[in-house]
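Only one structure is covered here, and it is reproduced in the block below.
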Amino acid sequence: MYHVRFSRGQYLLGLIFCIFMIIFILEMFLPFFGDFAIFMALWPGLIALFCLKYLIFGGSHISIDGPKNSRRNEPDPEAPVTNFDLELRKLAALKHDGLITESEFKKKRRQLMDRF
């Protein structure tokens, strides 16, 4: 699980921004869109309630499925080490050099593709 923790300042900033967005939407769009503007203002209102909840009752964290404390660019240690491109190029070189026939190349390529 990935854990994202927000500070009280971030929740406060989110609350202020959402209140500003509610006022802006109601001031700018209410005369033109009527009830739809109220619907548009509900979304920042929900986010403002979320921020207010954590400001009053204390911050928490948001969990996202995934390995805890992992880095994006690290390879998975449990994944088998394979190099499909390299093996396919070696196979093509064998065919080009005449060491294997066309039918053997197609058979081996199919086996290689099934394995990956």
Filtering the stretch 91-116 down to residues that are aliphatic (A, V, I, L, M) and part of a helix (DSSP H, G or I) yields LEU91, ALA92, ALA93, LEU94, LEU112, MET113
Spot the failing condition for ASP76; the list is (1) surrounded by fewer than 10 Cβ atoms within 10 Å (Cβ to Cβ); (2) at pLDDT 85 or above, and only one is missed. (2)
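Picking from ILE19, ILE56, ILE25, which residue would you name as being part of a helix (DSSP H, G or I), of a type in the set (Val, Ile, Thr), at pLDDT below 90 and surrounded by 15 or more Cβ atoms within 10 Å (Cβ to Cβ)?
Numbers: ILE19 fails: at pLDDT below 90; ILE56 fails: surrounded by 15 or more Cβ atoms within 10 Å (Cβ to Cβ).
Criteria check complete, one pass: ILE25.
The values are calculated or read from the model by the stated rules, or taken from the named source; none is laboratory data. This structure is a prediction, so every number in the text was calculated from the model and none was measured. Positions of Cβ are generated from backbone atoms using ideal geometry, with glycine treated the same way; all protein chains shown enter the neighbour counts.
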